[in-house]
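Undergrad: The structure follows.
The values are calculated or read from the model by the stated rules, or taken from the named source; none is laboratory data. Everything numeric here is computed off the predicted structure, so don't read it as measured data. Methodologically, a virtual Cβ is constructed for each residue, glycine included, from the backbone with ideal geometry; neighbour enumeration extends over all protein chains shown.
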Amino acid sequence: MAKKLVIIGSGPSGLTAAIYAARADLQPVVIEGFMKGGQPGGQLMTTTEVENFPGFPEGIDGPELISRMRKQAERFGTEFIMEDIDSVDFSSRPFTLSNASRTITAHSIIIATGASAIMLDLPSVKTFWGKGISACATCDGALPIFRNQVIAVVGGGDSAIEEACYLGRFASKVLLIHRRDEFRASKAMRKRAFDNPKIEIIFDSVLEEAYGSQFLEGVKLKNVKTSQLSDYACKGLFMSIGHTPNTGFVKNALEIDAKGYIKVKTPSTATSVEGVFAAGDVTDPHYRQAISAAGTGCVAALDAERWLQANGLG
């Protein structure tokens, strides 16, 4: 029998949607994920401390925040399945979701699979991810471990310069590392970088290695023109080289933009297919915050509930 609502994704948006949907007696099923597009729980599972989520004045570990959200959704009757979805069929109703082991049918769908930060493929980056290395300056830059310290940013676009300027509020110095000899950023953003006294720009350089003991203590950079290696002490390293939305399994089923994000009919979370909704970072290339993702998860659940009722399926 077809489920009323299936939610694909178990980060802040998916779990918030589950809480609202379960309280509305929609008996939601959450496909948590397993291997594709990161781990169940999303990017918060690799965030050691969250200081800006409302309701936690002392801060909270990312995995603990996700655990609490999951328990809250479970309390109201949400069913969880720790698997990935390989393919979808939205051409007929009820919709079909499939993987190697099962097929699930549902009257409505919420896609909340998030986006994965692009990180450099170096073993040392993986070692210190969440231990000084991050992909979100707004999330982590104000943490005590980074205040009045030297922090590095890798990237050359508008986002990298914006993050470097933001981090300059807290850091003693920001190293802005770019592999080319000029920025890809807009003229206005380039001027902001050059005019900021706290930003030291390092052109023609790539990250060779990150090092430290328990936490990051420094980076080794390689000049791409001379191959010369340089060592810089720093307590933080922020990747600002982009995000990849986890939409591979729906690319041929929904309308997406040029960067792969699912298009929604703002201010709703409705997608190009009636009865399919999307929430969180999978629709958001701009803010990428746990609280904004949770907010759109709430909206998606309300949209799905109203759509189901309007179609006699609620």
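Undergrad: Collect the residues in segment 95-130 that are closer than 20 Å to Asn246 by Cβ and aromatic (Phe, Trp, Tyr), keeping them in residue-number order.
TA: Within segment 95-130, Phe95, Trp129 meet the criteria.
Undergrad: Still on this structure: Kindly indicate whether Arg70 is buried (at least 17 other Cβ atoms within 10 Å of the Cβ), of a type in the set (D, E, K, R) and not assigned by TED's automatic domain parsing to the domain that holds Ile133.
TA: On the way: buried (at least 17 other Cβ atoms within 10 Å of the Cβ): yes; of a type in the set (D, E, K, R): yes; not assigned by TED's automatic domain parsing to the domain that holds Ile133: yes.
So Arg70 passes the test.
Undergrad: Evaluate segment 100-123: report whether one residue or more is more than 22 Å from Gly62 (Cβ to Cβ), among the basic types (Lys, Arg) and surrounded by fewer than 16 Cβ atoms within 10 Å (Cβ to Cβ).
TA: Yes, because at least one residue in segment 100-123 is more than 22 Å from Gly62 (Cβ to Cβ), among the basic types (Lys, Arg) and surrounded by fewer than 16 Cβ atoms within 10 Å (Cβ to Cβ).
Undergrad: Same structure again: Here are some conditions: (1) touching a residue at least 24 places away in the same chain (Cβ under 8 Å); (2) surrounded by fewer than 21 Cβ atoms within 10 Å (Cβ to Cβ); (3) under 28 Å from Ala135 (Cα atoms). Glu58 meets all but one. Which one does it not meet?
TA: Among (1) touching a residue at least 24 places away in the same chain (Cβ under 8 Å); (2) surrounded by fewer than 21 Cβ atoms within 10 Å (Cβ to Cβ); (3) under 28 Å from Ala135 (Cα atoms), the lone unmet condition for Glu58 is (1).
Undergrad: Among the residues of segment 246-303, how many are part of a helix (DSSP H, G or I), touching a residue at least 60 places away in the same chain (Cβ under 8 Å) and either under 19 Å from Ala18 (Cα atoms) or touching a helix residue (DSSP H, G or I) at 6+ places or on another chain (Cβ under 6 Å) (or both)?
TA: The first filter runs over segment 246-303 and keeps only residues part of a helix (DSSP H, G or I), leaving 248-250, 280-283, 290-303.
The next check asks that each one be touching a residue at least 60 places away in the same chain (Cβ under 8 Å); those that pass are 248-250, 280-282, 290-291, 293-298, 300-302.
From what's left, either under 19 Å from Ala18 (Cα atoms) or touching a helix residue (DSSP H, G or I) at 6+ places or on another chain (Cβ under 6 Å) (or both): 280-282, 290-291, 293-298, 300-302.
Residues meeting the conditions: 14.
Undergrad: Would you list the strands (runs of 3 or more DSSP E) that sit entirely within segment 55-134 and hold 2 or more residues that are in contact with a Ser or Thr (Cβ under 7 Å, 6 or more places away or on another chain)?
TA: Working: elements: 79-81, 87-89, 95-98, 103-111, 115-117.
So the answer is 87-89, 95-98, 103-111, 115-117.
Undergrad: Name every residue in segment 23-80 that is among the β-branched types (Val, Ile, Thr), within 19 Å of the chain's Cα centre (by Cα) and at pLDDT 95 or above, in order of residue number.
TA: The answer is Val30, Ile31, Ile66.
Undergrad: For Leu229, only one of the following conditions fails: (1) touching a residue at least 24 places away in the same chain (Cβ under 8 Å); (2) farther than 21 Å from Phe90 by Cα; (3) loosely packed, with under 13 Cβ neighbours inside 10 Å. What is its number?
TA: Answer for Leu229: the failing condition is (1).
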